[in-house]
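Contents: one structure, followed by commentary.
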Amino acid sequence: MNAEFWHKRWERNQIGFHQTEINTHLQTYWQALNLPKGASVFVPLCGKSLDMLWLLEQGYRVLGIELSKVAVRDFFTENNLTPTVTTYKTFNRWAMDEIEILCGDFFHLTPTELQTCTAIYDRASLVALPPEMRNDYAQQLATLFPTNTQILLVTFEYSQAEMQGPPFAVHADEVTQLYQQHFTIEQVAHTDILNENPRFQKLGVTQMQESVYLLRKK
């Protein structure tokens, strides 16, 4: 899986992973992070997620990173927002008021871009990556963020043999393997979701759960 894969998905509007409603886990568990209003939240591989609007409405600043220009453009256009677009290092920077999205490669980020962020919201980033990229992703987060940075992480669990991702299955033991060196890990939810997702049933998935974790950088 490379950058071209995601560019084509967005260009062809093959974005079944995009949610048209605010994620219920975000609304339920975000308060557990106890972030003060005005804090900055990092949203990796953000797409055009409406969850960013919810975070803004709760009084937070939002910094997203997204590879696809189509996704970034659509986020602002579909929500009637008019950003200022500038060039910053290897990124195109789209910004308006309390939200900023850097269009470019997540792995090109440095701590400088993220120095104001104290929390991370990952609903669709880790699960978008194939197994061979997930360790590099977790290590990059550990490198980019200081002690006490918190993550609200949402994952899917199902038999990978039944469906080709993305979204990929990331089971609890893999979350532990990926993050335990640099983060404390607490699983706060584990729910069956297959009946709510008929598109996965049509693809042959017979069991599917969604898990929610709270992580804190050691």
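The values are calculated or read from the model by the stated rules, or taken from the named source; none is laboratory data. What you see is a predicted model; the values in this text were computed from it and never measured. FYI the Cβ positions are ideal-geometry reconstructions off the backbone, even for glycines, and counts take in every protein chain you see.
So which residues in region 126-140 are under 12 Å from the mean Cα position of the chain (by Cα) and in a helix (DSSP H, G or I), if there are any at all? Even if it seems obvious, please write down each step before you answer.
To start, the set of residues in region 126-140 that are under 12 Å from the mean Cα position of the chain (by Cα) comprises 126-129, 137.
Once the filter is applied, which keeps residues that are under 12 Å from the mean Cα position of the chain (by Cα) and in a helix (DSSP H, G or I), region 126-140 yields Leu126, Val127, Ala128, Tyr137.
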Margin query: One residue is enough: does region 146-164 have a residue meeting the conditions among the small types (Gly, Ala, Ser), out of contact with any Leu (no Cβ under 8 Å at 6 or more places or on another chain) and crowded, with 16+ Cβ neighbours inside 10 Å?
Written below: no
Next item on the list: Could you list, in sequence order, all residues of region 98-123 that are in a loop (DSSP other than H, G, I, E, B) and in contact (Cβ under 8 Å) with a residue 12 or more places away in the chain?
Entry: Glu98, Gly104, Asp105, Leu109, Thr110, Pro111, Glu113, Leu114, Thr116, Arg123
Next item on the list: Those residues that are touching a residue at least 60 places away in the same chain (Cβ under 8 Å), over 22 Å from Ala189 (Cβ atoms) and outside any helix (DSSP H, G or I), I need them from region 141-167; list them, please.
Entry: Phe145, Pro146, Thr147, Asn148
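Would you point out which residue out of Ala95, Ala119, Ala124 is modelled with pLDDT under 95, out of contact with any His (no Cβ under 8 Å at 6 or more places or on another chain), within 21 Å of Lys48 (Cβ to Cβ) and of a type in the set (A, V, I, L, M)?
Values: Ala95 fails: modelled with pLDDT under 95; Ala119 fails: modelled with pLDDT under 95.
Only one candidate qualifies: Ala124.
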Check: Taking region 168-181, which residues are surrounded by fewer than 18 Cβ atoms within 10 Å (Cβ to Cβ) and either assigned to a loop (DSSP other than H, G, I, E, B) or without any contact (Cβ under 8 Å) to a residue 12 or more places away in the chain (or both)?
Finding: His171, Asp173, Thr176, Gln177, Gln180, Gln181
